[in-house]
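Enquirer: Quick one: the structure is below, questions incoming.
The values are calculated or read from the model by the stated rules, or taken from the named source; none is laboratory data. Please read these numbers as outputs of a predicted model, since none were measured by experiment. Using ideal geometry, Cβ is built from the backbone for each residue, glycine included, and neighbour counts are taken over all protein chains shown.
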Amino acid sequence: MARKENKEFTFRGINHLALVCKDMARTVDFYSNVLGMPLIKTIELPNGMGQHFFFDVGNGDALAFFWFPDAPEAAPGIASPKAMVGKGSLATAHGSMNHVAFDIPVEKIEEYRDKLIAKGIEVTEVINHDDTPRQVSPTVNETTFVRSIYFFDPDGILLEFAGWTREFGEGDVRHTPATAADKERYLAQAKKVQEGYR
């Protein structure tokens, strides 16, 4: 995938993304034994504050988890999506982390889906994200830009395996960013669409 040059800062990717889990042993089992990510660093936080563990996700990047003994319970629909892609709303609160997408070879997507299913993980069908009005198609077309599958980890964190299918060009940046003032217009449009399905 071609990248545009950043003239302000030299970024080399994501160093790590830090999430919060309810049970570190269960998290280690899922990420190491189900997804095969090596556990590369463990930290016992001082004064009984908890733990901080890191997994290797490739290319020098890491996925990290905190375990806090006093962490609030999960809040699906606020801090994470309530439902799997295609089965309900994906909306989450401002400042939340909606999902983590792992970059995979696009030609391996069906194979990886089958592997997850064999491990007992509920996985979506392969989704071909594209520039058609519905933004997904049953097959790959000339506007498809990524193919992906979605599944949840044991704490309800939405994960995605995503493989790029083409390079982006100038025509891929064409929408005006929404502002807080656009909220009512978007909600009215969504309501109209929902009423049309009834």
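Enquirer: Specify the residue that is surrounded by the most Cβ atoms within 10 Å (Cβ to Cβ); the eligible residues are those in the stretch 24-67 that are at pLDDT below 95 and assigned to a loop (DSSP other than H, G, I, E, B).
Expert: So, considering only residues that are at pLDDT below 95 and assigned to a loop (DSSP other than H, G, I, E, B), the one surrounded by the most Cβ atoms within 10 Å (Cβ to Cβ) is M49.
Enquirer: Here are some residues: R174, R113, R134. Which one is more than 23 Å from V28 (Cβ to Cβ) and surrounded by 14 or more Cβ atoms within 10 Å (Cβ to Cβ)?
Expert: R113
Enquirer: For the stretch 76-163, which strands (runs of 3 or more DSSP E) that fit wholly inside it have 1 or more residues that are within 17 Å of the chain's Cα centre (by Cα), of a type in the set (K, R) and not assigned by TED's automatic domain parsing to the domain that holds D23? Please lay out each step first, then the result.
Expert: Numbers: elements: 100-103, 127-129, 146-152.
Counting at least 1 such residues, we get 146-152.
Enquirer: Answer with yes or no whether E167 is in a loop (DSSP other than H, G, I, E, B), in contact with a Leu (Cβ under 9 Å, 6 or more places away or on another chain) and at negative phi.
Expert: In short, no.
Enquirer: Tell me, please, whether a residue that is aliphatic (A, V, I, L, M), within 29 Å of K115 (Cβ to Cβ), surrounded by 12 or more Cβ atoms within 10 Å (Cβ to Cβ) and out of contact with any helix residue (DSSP H, G or I) (no Cβ under 6 Å at 6 or more places or on another chain) can be found in the stretch 68-82.
Expert: Start the filter on the stretch 68-82 by keeping residues that are aliphatic (A, V, I, L, M), which leaves 71, 74-75, 78-79.
Narrowing the set further to residues that are within 29 Å of K115 (Cβ to Cβ) leaves 74, 79.
Next cut, surrounded by 12 or more Cβ atoms within 10 Å (Cβ to Cβ) only: 74, 79.
Retained after the next criterion (residues that are out of contact with any helix residue (DSSP H, G or I) (no Cβ under 6 Å at 6 or more places or on another chain)): 74, 79.
Scanning the stretch 68-82 turns up at least one residue that is aliphatic (A, V, I, L, M), within 29 Å of K115 (Cβ to Cβ), surrounded by 12 or more Cβ atoms within 10 Å (Cβ to Cβ) and out of contact with any helix residue (DSSP H, G or I) (no Cβ under 6 Å at 6 or more places or on another chain).
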